[in-house]
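What follows is a short report on a single structure.
The values are calculated or read from the model by the stated rules, or taken from the named source; none is laboratory data. These numbers come from a predicted model, not from an experiment. Cβ: placed from backbone, ideal geometry, glycine included. Neighbour counts: every protein chain shown.
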Amino acid sequence: MDKNLVIIPTYKEKENIGRIIRKVLSLDGGFDILVIDDGSPDGTADIVKELCKVFSGRIFLIERSGKLGLGTAYITGFKWALEHGYGYVFEMDADFSHNPDDLPRLLEACTEGGADMSIGSRYCKGVSVVNWPIGRILMSYFASVYVRKMLAVKIFDCTAGFVCYSRKVLETIDLDKVRMKGYGFQIEMKYTAIKLGFKVKEVPVIFVNREAGSSKMSSGIFGEAFWGVLGLRFRKFAPKV
């Protein structure tokens, strides 16, 4: 049976990281966890280290010095997952905005539903977002509309950060050539997978705004995504040699 790895990037998530780790490890399906911490000053990494002792062989930690970007964290995690033989690799936030109980549904979309990549989608069945300010909902929703129209893709939630990749997707994409680092990274990975011929499926989920800790969202993140999409239209995609 393929091994499953959940990658959780962190920066100042001490209120959430312990709870999210214990929840993921309690699920059926055998999900291991790789936390990639970007120098959190609040002791997030120390909490993970203690849990590594309790759940030896199930939790792993990579510490980086400073905030190096969401995209680079995931690229680091993807390479680690491939080196360690994982068959399915997940992106998930630490703050419970992504419900860990949906992980088996994303996995099933690939193992039983024939997808190479599955997306926990906020928008494929209307708008499924709880406790977000209306301005942020509109910004996120219309960002996905913009991407869908500009890139001519059929994905409703192009900026989603709750994703399951099959190993062959990550092996085929040249991870060293992924350019965007913020939320544009999410768009670039989905679009690249589609252009390389992989089947991408959306799984409806309910996204709940974080209750603890602070959001890492910024206008610069959306700016990178906006301009980066224009560049994607003219890029040629080829599998990794």
Original post:
Being among the hydroxyl-bearing types (S, T, Y) and either in a loop (DSSP other than H, G, I, E, B) or at pLDDT 90 or above (or both), is that true of even one residue in segment 130-147?
Top reply: no
**OP:** Report, by residue number, each residue of segment 32-79 that is farther than 22 Å from R22 by Cβ, hydroxyl-bearing (S, T, Y) and not in a helix (DSSP H, G or I).
**Re:** S65
Original post:
Within segment 51-64, is even one residue of a type in the set (S, T, Y) and surrounded by 17 or more Cβ atoms within 10 Å (Cβ to Cβ)?
Top reply: no
**OP:** Answer with yes or no whether M117 is at pLDDT 95 or above, of a type outside the set (F, W, Y) and closer than 21 Å to E15 by Cα.
**Re:** no
Subject >> Identity of the residue in segment 80-96, out of contact with any Gly (no Cβ under 7 Å at 6 or more places or on another chain) and assigned to a strand (DSSP E or B), that ends up nearest to K12 (Cα to Cα) >> reply: F90
**OP:** Tell me, yes or no, whether segment 97-111 has at least one residue that is over 13 Å from the mean Cα position of the chain (by Cα), modelled with pLDDT of 95 or more and in a loop (DSSP other than H, G, I, E, B).
**Re:** no
**OP:** Working only within segment 98-134, note down all residues that are surrounded by fewer than 23 Cβ atoms within 10 Å (Cβ to Cβ) and within 19 Å of G182 (Cβ to Cβ).
**Re:** W132
Subject >> Residues satisfying the stated conditions in segment 151-175, i.e. in contact (Cβ under 8 Å) with a residue 12 or more places away in the chain and surrounded by fewer than 16 Cβ atoms within 10 Å (Cβ to Cβ) >> reply: K168, E171, D174
Subject >> Single residue of segment 156-214 satisfying the filter (in contact with a Gly (Cβ under 6 Å, 6 or more places away or on another chain) and in a helix (DSSP H, G or I)) that is modelled with the lowest pLDDT >> reply: G184
